[in-house]
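Here's the structure we're looking at; comments come further down.
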Amino acid sequence: MISVGRPYLPNKKKLYHLLDKIYANTWLTNNGPLSKELRQKLGEFLGVENLLLCANGTLALQIAYKALGVRGKALTTPFSFIATASSLEWEGIPFGFSDINPCTFNLDFTLAESSLSSGGFDSIVPVHVFGNPCDVEDAEMVAERHNLKVIYDAAHAFNVKYKNKSVLSFGDASTLSFHATKLFHCTEGGAVVFKKKEDLETAERLINFGFDENKEIRGPGINAKMSEIHAAMGLAVLDDFHLIQERVQQIANHYRDELKDYFMLQVWNEGSSSNNSYFPIVCKSEEELRALIKEMNDKNIYPRQYFSPSLDTLGYSSHTSGKMLKSIEIASKIICLPIYPEMSDEDVKSVVRVLKK
Ligand code: T4K
């Protein structure tokens, strides 16, 4: 079976060596030595400061909102995974949607500006969809004009650079997912990168029940820590990340060369690198999409319709005026093709063969 993704499994010996350390330390969670090592290595690898590991990417979003004191209305994109919106809903933060640019699939900040002019917003939550950096300069100009906090959902943007700088260094905070389906993963896991050290320090308490470094409770918190076993997986995967990147780059290049004249492809933000974690194509119609998915499924190929449905159609938010038509249209015609490091050349060719028929 060829599915949309398959988790990278590091060499067992490498992982066992790290698990041996956990046994030797008898330390399983609560900011243990392996999670400290992973945190430091990730900060260096990604070129960012103020990085905090979390139990998953959804909690990373929730911790970012809490640490930054986001309570008023938030504006976000309807074209994302459900966690972007459900994390706001779960935190009781009222939110509205603004439509996307149908070429980049990211928030269109010109449209966002007009949604924001109705007032009452105190944050924006843009997503770097499929790792494509949204227009961070426009986002920050808009945020400054309207006095908003910016929390980027960068779940897909591991190791993505914008103008040679980590895309995670923009905004008040950026969050990552290290779920098994991501190129870099810890089985489950996530992180927040904060602009300010004081927000990081607040978040360090929030993920650990509100305890400070002296074990005094400084306010309400939750348990959103990463365990040592998850950190071990992360360290083993990080060690191989160059191999993962190299292989998915080859697959993406092949898809792009073969399919660019047949489908609309995502328009990438100029001056940005790509981690090739997803390979979306946009069909001409919903009918074409249905037919292609069926043909692929018949050949044991299982792409996914990320992201569908458009989140504004779920009835979550009461702060949206009108339908998000561009997002709804893209959601009805998009397919993310299988891409993962273990895909063989023959697997890749078999996907292309169905699509070019
Ligand atoms: N923000 C954004 C923009 C996100 O995309 C996500 C997560 C988040 C926030 C939240 O981060 P986390 O809290 O998850 O850390 C998957 C992932 O579960 C989810 O992490 C991810 N985005 C989303 C885009 O995709 P599903 O429901 O599509 O996953 P599932 O289980 O259907 O797996 C997809 C494919 O991967 C399957 O076809 C088979 C393969 N697979 C999956 C797993 C779990 C395997 O081969 N082995 C496995 O162990 O959500």
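The values are calculated or read from the model by the stated rules, or taken from the named source; none is laboratory data. Predicted model, so just to flag it, every value in this text is computed and none were measured. Positions of Cβ are generated from backbone atoms using ideal geometry, with glycine treated the same way; all protein chains shown enter the neighbour counts. SASA here: full protein model, heavy atoms, side chains in, ligands and nucleic acids out. Shrake-Rupley method; radii C 1.70, N 1.55, O 1.52, S 1.80 Å.
At a glance:
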{"quantity": "Label-to-label distance, nm, for residues given as residue 214 and residue 300 (7 Å Cα→Cβ offset)", "calculated": "6.3"}
{"quantity": "Residue 28 versus residue 138: modelled label distance in nm, points set 7 Å from Cα along the beta carbon direction", "calculated": "4.9"}
{"quantity": "Portion, in percent, of the accessible area of the chain that falls on carbon or sulfur, probe 1.4 Å", "calculated": "52"}
{"quantity": "Ranked packing of 218-230, 255-267, 172-184, most packed first, by mean Cβ within 10 Å", "calculated": "172-184, 218-230, 255-267"}
{"quantity": "Per-pair calculated FRET efficiency, R0 = 30 Å: residue 270 and residue 323 via Cβ, rounded to 0.05", "calculated": "0.50"}
{"quantity": "Within the stretch 1-29, backbone nitrogen closer than 19 Å to the virtual label 7 Å beyond the Cα of residue 262 toward Cβ", "calculated": "2-5"}
{"quantity": "Dipole axis of the chain (+1 Lys, Arg; -1 Asp, Glu on Cβ), positive-most option in 314, 253, 47", "calculated": "253"}
{"quantity": "By average C-beta atoms within 10 angstrom, highest first, the peptides 123-131, 163-171", "calculated": "123-131, 163-171"}
{"quantity": "R0 of 30 Å, Cβ-Cβ distance residue 49-residue 110: FRET efficiency to nearest 0.05", "calculated": "0.40"}
{"quantity": "Rounded to 5, percent antiparallel among DSSP beta bridges of the chain", "calculated": "60"}
{"quantity": "For the chain, built as a Gaussian network whose Cα springs stay under 10 Å, the top-fluctuating residue of 37, 216, 295", "calculated": "216"}
{"quantity": "CD proxy at 222 nm, helix term only [per DSSP H run n ≥ 4: -39500 (n - 2.57); per residue of the chain; nearest 500]", "calculated": "-12000 deg cm²/dmol"}
{"quantity": "Relative contact order, percent, the stretch 2-239 [alpha-carbon distance under 8 Å, six or more residues apart]", "calculated": "28"}
{"quantity": "Gain upon complete extension [residue 288, residue 6; 0.36 nm per residue less C-alpha separation]", "calculated": "98.9 nm"}
{"quantity": "Using a Förster distance of 41 Å, the FRET efficiency for residue 41-residue 353 (Cβ separation, nearest 0.05)", "calculated": "0.50"}
{"quantity": "Whole-number accessible area per residue in Å² for the chain, which is evaluated in the context of all protein chains at 1.4 Å", "calculated": "45"}
